Amino acid sequence: MPKKRKNRGRKKGDKGREPLVHCDNCGRVMPRSKAVRITVPYSPVPPDLARELEKQGVIISRYLVTKTYCINCAVFFGIIKVRAREERKKKIPLQQVV
Ligand SMILES: [Zn+2]
């Protein structure tokens, strides 16, 4: 059978069943190995205001937020991209795709 992707769109390997997770944006249920997880720094203060406050010596804490997205939402947010037929067989870490 021809394969569209080398890993069949998942990171499962020859493991059996995997727990299901929900997309943080749309709520879609998918296996954990298919989900796209990304950790981004989050600050409750807007960036331009934060810059001015830091000039005055205020320490603003940043939090790391881990989000789980389905493939549709990850493409929509630009975390992963749609790739050409041969390109999609290559393995690329998430940070290089953005
Ligand atoms: Zn989603």
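The values are calculated or read from the model by the stated rules, or taken from the named source; none is laboratory data. What you see is a predicted model; the values in this text were computed from it and never measured. Glycine also receives a Cβ, built like all others from the backbone with ideal geometry; neighbour counts cover every protein chain displayed. What goes into the accessible areas is simple: the full protein's heavy atoms, side chains included, and nothing from ligands, DNA or RNA. Shrake-Rupley method; radii C 1.70, N 1.55, O 1.52, S 1.80 Å.
P(r) for the stretch 37-78, please, calculated from all Cα pair distances in 5 Å bins and given in %.
The calculated distribution, bin by bin, is 6, 20, 20, 16, 14, 12, 8, 4, 1.
Please check: in the Gaussian network model of the chain (C-alpha springs, under 10 Å), which one of ILE38, ILE80, ILE60 has the largest mean-square fluctuation.
ILE60
Please compute the per residue accessible area over the chain with all protein chains in place, 1.4 Å probe, rounded to a whole number of Å².
Details: 8150 Å² over 98 residues.
Value returned for the chain: 83 Å² of accessible area per residue.
Cross-link partners among aspartates and glutamates for LYS4, C-alpha distance below 16 Å, same-chain residues fewer than 8 apart left out?
Counting by Cα, and skipping residues close in sequence, LYS4 has these aspartates and glutamates nearby: GLU86, GLU87.
What does the accessible area of VAL29 come to, in Å² to the nearest 10, when a probe of 1.4 Å is used?
80 Å²
Beta carbons within 10 angstrom, averaged per residue: use that to sort the peptides 21-27, 44-50, highest first.
Working: 21-27: 14.4, 44-50: 10.4.
Highest mean packing first, the order is 21-27, 44-50.
Quantify, in whole percent, the carbon and sulfur part of the accessible surface of the chain (1.4 Å probe; protein heavy atoms only). Could you put the intermediate results ahead of the total?
Details: 4430 of 8150 Å².
Accessible surface attributable to carbon and sulfur in the chain totals 54 percent.
Defining a contact as two alpha carbons under 8 Å apart and six or more residues distant in sequence, what relative contact order in percent does the chain show? Walk me through the numbers before you get to the answer.
Details: 102 pairs, mean separation 26.8, N = 98.
Relative contact order, the chain: 27 percent.
What is the chain by shape, rounded, prolate or oblate, if you read a ≥ b ≥ c off the alpha carbon gyration tensor as root eigenvalues and call it rounded for a/c under 1.5, prolate for a/b larger than b/c, and oblate otherwise? Intermediate values should be presented prior to the final figure.
Values: a/c = 3.12, a/b = 2.12, b/c = 1.47.
Prolate.
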